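Worksheet for the structure shown next.
The values are calculated or read from the model by the stated rules, or taken from the named source; none is laboratory data. Since the structure is predicted, the reported quantities are computational estimates derived from the model, not experimental observations. All Cβ positions, glycine included, derive from the backbone under ideal geometry; neighbour counts span all protein chains shown. In case anyone asks, the SASA skips ligands and DNA or RNA and just uses the protein heavy atoms, side chains included. Shrake-Rupley method; radii C 1.70, N 1.55, O 1.52, S 1.80 Å.
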Amino acid sequence: MIPMEQARQVFTVDLLERYAAKGRGSITCMTAGNDVILLGTSKGWVIRHDFGVGDSYDIDLSAGRTGELSIHRVFVDPGGSHCIATVVGGGGADTYYTHAKWNKPRVLGRLRGLIVNAVAWNRQQITEASTKEVILGTENGQLHEMAVDEKDKKEKYIKFLYDLKELPEAFMGLQMETANLSNGTRYYVMAVTPTRLYSFTGIRSLETVFASYLDRAVHFMELPGEIPNSELHFFIKQRRAVHFAWLSGAGIYHGGLNFGAQHSYPNGDENFVENKALLDYCKLSEGSDAIKPNSMALSEFHFLLLMGNKVKVVNRISEQIVEELQFDQTSDSLSRGIIGLCSDATAGLFYAYDQNSIFQVTVTDEGRDMWKVYLDLKEFAAALANCRDPLQRDQVYLVQVQVIAASNIDVFADAAFTCRDFQRAASFYAKISYLLSFEEVTLKFIAVNEQDALRTFLLRKLDNLARDDKCQITMISTWATELYLDKINRLLLEEDNASEYRSFEYQSIIQEFRAFLSDCKDVLDEATTMRLLESYGRVEELVYFASLKELYEIVVHHYIQQAEAKKALDVLQKPAVPIDLQYKFAPDLIVLDAYETVESWMSTKNLNPRKLIPAMMRYSSEPHVKNETHEVIKYLEFCVHRLHNEDPGIHNLLLSLYAKQEDDGALLRFLQCKFGKGHEHSPDFFYDPKYALRLCLKEKRMRACVHIYSMMSMHEEAVALALQVDPELAMAEADKVEDDEDLRKKLWLMVAKHVIEQEKGTKRENIRKALAFLKETDGLLKIEDILPFFPDFALIDDFKEAICSSLEDYNKQIEELKQEMNDATHGADNIRKDINALAQRYAVIDRDEECGVCKRKILVVGVDYRMSRGYTSVGAMAPFYVFPCGHSFHSHCLIAHVTRCTTEIQAEYILDLQKQLSLLGDGVRTDLNGGLTEDSIASITPADKLRSQLDDAIASECPFCGELMIREISLPFILSEEAQQVNSWEIKPHNLGNQRSFSLSL
């Protein structure tokens, strides 16, 4: 388990300042020193953030200049006091110097027109008051020396030092270090251009040092290649540079620094660079194209590389990416991304910046895991030096002991190899493979042509490799595969291969090789391994490996070539096999073994039969034995009847196969089957009837055609075709029409005509059969219907009995019609009598009878009956209604009651009728007896019609005894318009304070 302190990240990034440019443009460059950050902007401003004292101010370097200006570079010394900045724009460039205590910057006139790209500070000599020697590198490949004292308010001097003449390139980075020796101060200067790293060293002064290179060659390291920004960095520890790193086009060139070393070379240059190395950019990306960083920062053990919009942290010793840092950028800064990195050696901090913001990268105990890094490299002294506790030191000691023990195994391995015990030697070498060169061991076995021992060594090496070494594992596994194949071929080529021992050895190596393929299937390259197996002709192993890699298409194709359909179908039945392979190999498999293929199809779930149609048609197009079971028909019947398939293509194919059979029984059963029966909105059949009709006509399946005509409601065509096949079939088709009597009679006439015309017997025999046919029609046809079908010379005597029988039937029908007319006449008389009797009905009303609504007497004279206008009154009394149940109502009371209790639509209808009656007036026509005469019935007025409609609407039933009363049970006792009356019933207590309560004892 990883301790909690090791689980934390070493490098963390935080937003330091979001809008650091303060609206002075976008950030173009940045530098830091002693907790002071200086920013250059695109509008010619230098912004100083002093986080130590919490101060910040702006410096305008564009004052007095015209055109667009931008800060090209800005530099600050490790103490944060001295600042140098270069402004470009307006067709020229100026370099300014300013001090932390100055209010106004000073232009360096001697550098006018030169673009300064790099500055090297004298860390050992510089103070807050004086810069001492400062080296400036320019865009045109020149070096200048400068010194400034703060009290002088201007530069002390600016001297030209050196000029690149062989390859004039811009200086992109400068670093300087000094060492106090017995004979004076020695200067060490490193400078980089886009393609070279120069080293300068000498004693006394910088001017003397660079003057010496006029007579001798400059020492440089050239690494050609394009790079977005060539950078040179020193890591400073206790005010002394410890190691360096150059961000070049070929990679990161880095190494240790040893200033003050006493060994010299013949040319006089001192070697102050140690343990040089080059980190290739290919190790930083997984793709084939290496991505080059845009910027870099250097810590004690790591490189911080800006790649795109994130920083990759790479361990300098192991050259492995250990962390990736992401930045929280604003949307307007995402397009340009992170611009660069810089470091503050004094504060031990790192920074990144985009065009608006500053981000701080904090380092927390970056050396905590370095003991493990050095331990993996077997550098035990360095690992022990970086251990933090006894447990870590114990692990280092343990590995160191294992290495010492392995050296003893090396002795045994060499001894076994000398004694030609190569298998044992291979096992020994594999145990100490982490100490010996892999190439050295393999070359030993290759030199003595020991392929078996070499294979053993490779297999043991694979067991000892970590899973992360994917490339090495793949290469060794591929090599071992080829050695296995070579061994198998050598056993096959040996003359005594037929012997029992050789046969056993051959089988053993085959089994061992297959076990190896099974174990290494995930690490072996698929294409390479397949090519190897194919080139050695190991088809069975090729199929086996393809099965392991789930390359089922290759496996199935092989089995089909070997005519082993059952094995191919077994492979296709596996759950992991894509269903598309079933459709791809279906044509070949069904031709190879139709029975097994169809059985496999029927046992496979989620198979789409429609995609198998090409295979089934290919099988059906080939000739088959007469009594052979047609496998496609079997499968299609399974789909239709068992799977309830509704695909028209499947049904059409099955129908076409049925039509080609000699026996049309299966075809007729198929046509008569209603597949969609019981399914909502589904047709009774799913095949195309027009296609079926064309097919049956082509194959001369007439009975099937008759059925299809009938199914398509083409009954005349069905009967006409059936008469050519079987008259009995035609009769059955004619009988199917039940809802159209005329069409049914027409069809039977077609049958009758055919029967009469086809009879070839004697005349009387023909007539007898025709009369017998009439009986089969159940009276639908008469003798007169079929007489026209007989020849003109037929004698009437032959039809005497049939004609007499027909006339008797017509006579009976006439008598029945007469009886029906008499019954209708008697019914009309009875109705007329009932009407007259209805007009004479009356009811006896008691003198004291009350209206069911208003509770006033019905027979009271003088009641206001204006609401009943249009009704006939009895004397001076208001019109009223009397119901058989005994309830009586004034007409206007009944209208009001029904209107209130019925629906809104019915109430509007009643009121509309009443309004129309009121408009027409009170005219009424009655006889003396109050009844309606025949003349009055014939001359009913519109008022009478309206009054009749009103009576039906309000007096069809008693409102107290009928349905209206039943519906009133759902009405509330208190209506909404009676809410005020309900509130009046509420009991409100008064003088609650004066009331007394008494308890009653029971």
For the stretch 182-254, place one equal point scatterer on every Cα, skip the solvent, and apply the Debye formula. What is log10 of I(q)/I(0) at q = 0.23 Å⁻¹? -1.05
Arranged from highest to lowest average of other beta-carbon atoms within 10 Å per residue, in what order do the peptides 95-107, 699-711 appear? 699-711, 95-107
Please work out the FRET efficiency for the pair L465 and L334, using the Cβ-Cβ distance as r and a Förster radius of 41 Å; give the result to the nearest 0.05. 0.45
Rounded to the nearest 10 Å², the accessible area of Y157 using a 1.4 Å probe with every protein chain kept is 60 Å²
From the alpha carbon gyration tensor of the stretch 72-212, can you work out the equivalent ellipsoid semi-axes (sqrt of 5 times each eigenvalue) and give them in Å, largest to smallest? 23, 21, 12
In nm, to one decimal, how far is the K812 label point from the I321 one, both placed 7 Å along Cα→Cβ? 10.7 nm
What is the ratio of the Cα radius of gyration of the stretch 278-321 to 2.2 N^0.38 Å, where N is its residue count, to two decimals? 1.07
Principal axis box of the stretch 295-372, alpha-carbon based, largest edge first, Å: 43, 26, 17
Tell me, what does the Kirkwood hydrodynamic radius of the stretch 561-676 come to in angstroms if you use every pair of distinct C-alpha atoms? 14.9 Å
Which pairs in the list K283/K487; K292/K378; K461/K567; K461/K487; K549/K584; K312/K470 are over 26 Å apart, alpha-carbon to alpha-carbon? K283/K487; K292/K378; K461/K567
Using 0.36 nm times the number of residues separating I905 and D952, minus their current alpha carbon distance, what extension gain do you get? 15.4 nm
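Using a Förster distance of 35 Å, how high is the FRET efficiency between R856 and E968, based on the Cβ-Cβ distance and rounded to 0.05?
Approximately 0.95, to the nearest 0.05.
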Taking 0.36 nm per intervening residue step and subtracting the Cα-Cα distance, what contour gain separates R642 from D726 on full extension? 26.8 nm
Heavy atoms of C696 accessible to a 1.4 Å probe, total area in Å² rounded to 10: 0 Å²
Evaluated at 37 °C and 0.692 mPa s, the Stokes-Einstein D of the stretch 450-490 based on the Kirkwood radius over Cα pairs, in µm²/s, stands at 314 µm²/s
Any idea how far apart E366 and Q400 come out in nm if each label point goes 7 Å out from Cα toward Cβ? 2.7 nm
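Assuming 0.36 nm per residue, please report the length gained on full extension of the stretch R832 to Q472 beyond their Cα-Cα distance.
Between R832 and Q472, full extension yields an extra 117.8 nm.
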Spin-label pair E986/A385, simplified geometry with 7 Å Cα→Cβ offset, distance in nm: 9.8 nm
What the Cα atoms of the stretch 529-625 span along the principal axes, largest first and in whole Å, is 43, 29, 17
For the pairs K611/K690; K237/K372; K22/K104; K43/K237; K605/K660, flag any whose C-alpha to C-alpha distance is greater than 25 Å. K43/K237; K605/K660
Note the count of lysine pairs whose C-alpha atoms are less than 20 angstrom apart in the stretch 122-185, limited to pairs 8 or more residues apart or on different chains. 5
Computed Rg/Rh for the stretch 140-233 (Cα atoms; Rh = Kirkwood radius) stands at 1.00
Would you work out the Kirkwood radius for the stretch 521-581? I mean one over the mean of 1/r across all pairs of different Cα atoms, in Å. 12.0 Å
Average the reciprocal distances over every distinct pair of alpha-carbons in the stretch 1-116, invert the result, and give the Kirkwood radius in Å. 15.4 Å
